Amino acid sequence: QVQLVESGGGLVQAGGSLRLSCAASGRTLSSLHVGWFRQAPGKGREFVTATFCGGGPTYYTDSVKGRFTISRDNTKNTVHLQMNSLKPEETAVYYCAGVESYRTNYKRPDDYDYWGQGTQVTVSS
């Protein structure tokens, strides 16, 4: 089975930056489509960004375009999420997710099969 682990969360002030990392065991991440989601208190899990394996495109939810960047470091078998100019409303638990093949979409939690436990990101005013 595939196990994913997120790291890099923490407390930052508004306007600050964090870099999250997603590592995998049981599977090479370069062979998976990988997405990032976030879940704020009392809300559902929201799509943030995704990267397709095999040199496919990347996608971002509109609210993070120009500020967040998803990238792969295949030598370390990790996927990163660079988050700049963070806003307090982006306080949430951030999850990475993986899937071998997309079925219909890539923006919903049900589109992914493998999940990490999440890492807390807190953005203070």
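Of the strands (runs of 3 or more DSSP E) lying entirely inside the range 1-104, the ones with 2 or more residues being open to solvent by 60 Å² or more (accessible area, probe 1.4 Å) are found at 3-7, 10-13, 45-51, 58-60, 68-73.
Any idea which residue in the range 1-14 is farthest from the chain's Cα centre (by Cα), counting only those that are of a type outside the set (S, T, N, Q) and within 14 Å of residue 122 (Cβ to Cβ)? Talk me through it step by step, then tell me what you get.
Step one: filter the range 1-14 for residues of a type outside the set (S, T, N, Q), giving 2, 4-6, 8-12, 14.
If we keep only those that are within 14 Å of residue 122 (Cβ to Cβ) too, we end up with 8-12, 14.
Numbers: 8: 11, 9: 11, 10: 15, 11: 17, 12: 18, 14: 19 Å.
Per the stated criteria, the residue is 14.
The values are calculated or read from the model by the stated rules, or taken from the named source; none is laboratory data. Being a predicted model, the structure only gives us computed values, none of them experimental. Because the Cβ atoms are built from the backbone with ideal geometry, glycine has one as well, and the counts that use them run over all protein chains shown. For the accessible areas, the whole protein counts, side chains as well, though only heavy atoms, and no ligand, DNA or RNA atoms are used. Shrake-Rupley method; radii C 1.70, N 1.55, O 1.52, S 1.80 Å.
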